[in-house]
1. Could you please find all residues in the range 22-44 being charged (D, E, K, R) and either under 22 Å from Pro12 (Cβ atoms) or in a loop (DSSP other than H, G, I, E, B) (or both)?
2. Among the candidates Ala74, Ala96, which residue alone is surrounded by fewer than 18 Cβ atoms within 10 Å (Cβ to Cβ), away from ligand 2 (no atom under 16 Å from the Cβ), farther than 28 Å from Phe134 by Cα and at pLDDT 95 or above?
3. Can you confirm whether Arg145 is touching a strand residue (DSSP E or B) at 6+ places or on another chain (Cβ under 9 Å), surrounded by 16 or more Cβ atoms within 10 Å (Cβ to Cβ), charged (D, E, K, R) and part of a helix (DSSP H, G or I)?
4. State which residue is nearest to Asp128 (Cα to Cα) when the search covers only the range 1-18 and only residues that are surrounded by fewer than 20 Cβ atoms within 10 Å (Cβ to Cβ) and under 30 Å from the mean Cα position of the chain (by Cα).
5. Would you mind stating whether Ile324 is out of contact with any His (no Cβ under 8 Å at 6 or more places or on another chain) and farther than 30 Å from Glu256 by Cα?
6. When you scan the range 154-219 for strands (runs of 3 or more DSSP E) that lie fully inside it, which ones turn up with 1 or more residues that are surrounded by 19 or more Cβ atoms within 10 Å (Cβ to Cβ), of a type outside the set (D, E, K, R) and within 13 Å of ligand 2 (Cβ to nearest atom)?
7. Out of all the residues in the range 28-40, which are surrounded by 13 or more Cβ atoms within 10 Å (Cβ to Cβ) and either within 16 Å of ligand 1 (Cβ to nearest atom) or among the basic types (Lys, Arg) (or both)?
8. Only one residue in Phe385, Phe334, Phe375 is touching a Pro at 6+ places or on another chain (Cβ under 6 Å), within 16 Å of ligand 2 (Cβ to nearest atom) and farther than 24 Å from Cys153 by Cβ. Which one?
Amino acid sequence: MQNRTYTADAEPGDHVTVAGWVHEVRDLGGIAFLILRDTSGKIQIKFEKDEMDEELVDTGLGVARESVITVTGAVDEEPRAPTGVEITPEELEVVAPADPQLPLDPSEKVDAELSTRLDNRTLDLRKDEVQAIFEIRAEILRATRDHFRKVGCTEITTPKIVATGTEGGTELFPITYFGEEAFMNQSPQLFKQLMAGSNLEEVFEIGPIFRAEEHNTPRHLNEATSIDYEGAFCDHHDAMDVVEGVVKAAYEAVAENCADQLETLDIADEFDLPEGDFPRLSYEEAIERINATGELDEQLVWGDDLPTEGEKALGADVGGHYFITDWPSEIKPFYIMDHEDDEQLSTGFDLMHPEMELVSGGQREHRYDELVAGFEQQGLDPDQFEYYTKMFKYGMPPHAGFGLGGERLVMTMLELDNIREAVLFPRDRQRLSP
Ligand code: ATP
Ligand code: AMO
């Protein structure tokens, strides 16, 4: 809008037109205040009833909360106003009146149910705390993208409608593609590997992944944002270095550029940057340490996947981000390379936050014969993946990479209780719209 001033920019002495939503109206008798809210903050509009045009006062004080209005007037210093300034209106226009019956009131202090909030995200994102989460999420994605570009990666986008799954057969969403069976992609895994074998060499993608997860948990979505990396002439150690750099860059950017949002979320004081190198524990050490905590009813044995309780016990023990490396080959996917001297042991790694897994990655099997044998070992038909495997016949360099869960990064960084808080329109078992 031309000539519009954001409320945060209105300075005493200015004559401005501001536009936004009616946050609240307080009528004290002879004087009344309307708090107008826009993306930058809030400003007080003062109505001195005896001294102002009656129609203007009636319009301003009669307007329902959350209506959109524009106000033109002079800005004055006023220490008693919430932001220290106020506007005395000369013109006021109701641009879009709101129904007085709001399903969710952004000015209410008491939190509504999450499902009500998700059903009314527009209203929900008129709350400072919720706005702050999504501004930080955007900053995390910006910093991630900038970091990848700084280290020389090329951004790619790969198909989300695919012919085959990669992350285990049961978690696929089937769709019909012109009469043929197709799926929503669970991971850009195979495509990013194909690009690591191209002249691009080092690639990244930030995009949606689709998982038909059966369980409804506070840390699983059916549509999530994956931050993927794949690099040629890299091994799993290099990939761990890259992910460590990305996570640290995201924290640093938020600390530097989102101080107000952290304040709004009331976590500014305890917002610590991850320091030093993330410890790299082998899977064997990890299960030993979990067993030693005594938190689990049953001791873990080699080959077990780590239960959530075990991850939490180890997280509390370590106290910060850490890697778990050298997983048993049998619980890692076919594309992960095994150690040369021990084929029971894979190069797969996970990056953990004390609360949960953030990343999976590893060095990839780039040798054609071993790759095809790996498919067969995991009960997959290599013929179905021919579009992928055949490129391994034409000069596929050693390569490694990872997938980082975008919402999990946001959730753990901001101490959110539920991953749904970190995505605008979450997809879960119960939720297909909005
Ligand atoms: P003033 O002395 O500034 O002219 P007032 O006494 O005429 O104010 P009241 O109707 O008595 O106005 O004010 C009601 C309440 O609103 C008082 O508690 C007063 O401190 C507060 N108030 C008055 N003006 C402002 C303002 N511009 N911003 C915030 N609070 C105000
Ligand atoms: P993985 O399946 O472990 O690995 O996924 C990588 C990361 O993505 C996030 N994630 C999820 N977040 C929310 N809801 C979900 N349902 C969900 N599923 C996964 C997690 C997880 O650590 N192709 C490999 C990556 C690789 O090796 O490059 C893969 O997809 O944070």
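The values are calculated or read from the model by the stated rules, or taken from the named source; none is laboratory data. Worth saying up front: this structure is predicted, and the values here are computed from it rather than measured. Virtual Cβ from ideal backbone geometry, glycine too; neighbours counted across all protein chains shown.
1. Selection gives Arg26, Arg37, Asp38, Lys42.
2. Exactly one of Ala74, Ala96 is surrounded by fewer than 18 Cβ atoms within 10 Å (Cβ to Cβ), away from ligand 2 (no atom under 16 Å from the Cβ), farther than 28 Å from Phe134 by Cα and at pLDDT 95 or above, namely Ala74.
3. So Arg145 fits the description; yes.
4. Checked the range 1-18; the qualifying residue nearest to Asp128 (Cα to Cα) is Ala8.
5. no
6. Numbers: elements: 173-177, 180-184, 202-210.
The strands (runs of 3 or more DSSP E) meeting that bar are 180-184, 202-210.
7. Answer for the range 28-40, where residues must be surrounded by 13 or more Cβ atoms within 10 Å (Cβ to Cβ) and either within 16 Å of ligand 1 (Cβ to nearest atom) or among the basic types (Lys, Arg) (or both): Ile31, Ala32, Phe33, Leu34, Ile35, Leu36, Arg37.
8. Numbers: Phe385 fails: touching a Pro at 6+ places or on another chain (Cβ under 6 Å); Phe334 fails: touching a Pro at 6+ places or on another chain (Cβ under 6 Å).
Going through Phe385, Phe334, Phe375 in turn, the sole match is Phe375.
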